[in-house]
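Asker: Before we start, here is the structure in question, set down as structure tokens.
Every number here is computed from the coordinates shown, using simple stated rules; none is lab data. Quick caveat: nothing in here was measured; it's all calculated off a predicted structure. With ideal geometry, Cβ positions are generated from the backbone for all residues, glycine too; neighbour counts draw on all protein chains shown.
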Amino acid sequence: AFAGPDAEVVWPAYSQVMDFELEFACVIGRGGRDIAKADARSHIFGYTIFNDFSARDAQTVEMMGMLGPAKGKDFDNSNVIGPVIVTADEIPDPYALAMTCRINGETLASGSSSTMHWRFEDFIEHISRGETLHPGELLGSGTVGGGCGLEHLRFLEDGDVVELEVERIGVLRNHVRRG
């Protein structure tokens with residue numbers, strides 16, 4: 001499940017190192033299977049901001065054990081989207097949007113969706129191979145350049161306010177509290 005704008009994020013007691021991740025996300029509007037890259041964009045309903053909160057210390061331990069990120073990424077309100085879903089027709093070029101990360105009003109990073117490692121068309125083609133994508137599914141971009149505390153060695157603290165802004169979508173704001 002996803003949390004929304006202004007939701008309080010309480011990091012779990014098993015973690016001492018909390019982080020955020022600025023991700024850009026697309027929402028599938030038309031389902032399909034074995035979707036060709038050339039047709040992939042026609043399956044996108046819209047775009048939103050995705051904050052993939054991360055318990056970095058738990059994530060590191062789990063990844064060494066080959067369990068994947070698991071509890072480092074999966075805890076109450078760890079997946080936040082919003083503030084709105086903007087329809088695809090309102091964003092003609094999703095790879096030319098300014099993005100900003102702020103902690104307590106101070107800009108930590110500014111970048112662009114042009115720095116995404118993979119485009120949504122690539123994701124859709126890959127994920128839909130032998131698997132049906134359904135309307136309403138959300139695909140995150142992975143962290144967009146400079147969009148996490150790990151890259152700046154600035155992890156979250158009790159009481160921090162995280163703001164992720166993407167041009168044409170708005171600002172996704174969340175308060176962080178130690179559990």
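Asker: Rounded to the nearest 500, what is the 222 nm mean residue ellipticity of the chain from helices alone, with -39500 (n - 2.57) per DSSP H run of 4+ residues and division by all residues?
Answerer: Details: 3 runs with 21 residues, N = 179.
The helix-only estimate for the chain comes to -3000 deg cm²/dmol at 222 nm.
Asker: If one computes the Cα centroid of region 114-179 and of region 21-61, what distance in Å separates the two points?
Answerer: Between the Cα centres of region 114-179 and region 21-61 lies a distance of 8 Å.
Asker: Provide the per-residue ³J(HN,Hα) series for region 150-155, in order, calculated from phi with Karplus coefficients 6.51, -1.76, 1.60 and θ = phi - 60°, each as a whole number of Hz, with x at glycine and proline positions.
Answerer: So the Karplus estimates, Gly and Pro as x, are 4, 5, 10, 6, 10, 8 Hz.
Asker: Apply 1/(1 + (r/R0)^6) to the Cβ-Cβ distance of residue 118 and residue 8, taking R0 = 35 Å, and write down the FRET efficiency to the nearest 0.05.
Answerer: It comes to 0.65.
Asker: Quick one: which residues, 5 or more positions from residue 53 or on another chain, have an amide H under 5 Å from its amide H? H modelled 1.01 Å from N in the peptide plane, none for Pro or chain starts.
Answerer: The list, which skips near neighbours in sequence, is 21, 80.
Asker: What percent does the relative contact order of region 8-178 come to when contacts are Cα pairs within less than 8 Å and at least six residues apart?
Answerer: 34 percent
Asker: For the chain, what are the per-bin percents of Cα-Cα distances with bins 10 Å wide, up to the bin holding the maximum?
Answerer: 10, 37, 35, 16, 1
Asker: For residue 74 and residue 30, what is the calculated FRET efficiency with R₀ set at 30 Å and r taken between the beta-carbons, to the nearest 0.05?
Answerer: Numbers: r = 28 Å, r/R0 = 0.93.
The pair residue 74/residue 30 has a calculated efficiency of 0.60.
Asker: While we're looking at this one, here's another question. So for region 1-46, what are the equivalent ellipsoid semi-axes in whole Å, largest first, each being the square root of 5 times an eigenvalue of the Cα gyration tensor?
Answerer: Values: eigenvalues 224, 31, 20 Å².
So the three semi-axes of region 1-46 are 33, 13, 10 Å.
Asker: Please list the non-local residues whose amide H lies under 5 Å from the amide H of residue 108, H modeled 1.01 Å from N, same-chain partners needing a gap of 5 or more.
Answerer: 101, 102, 103
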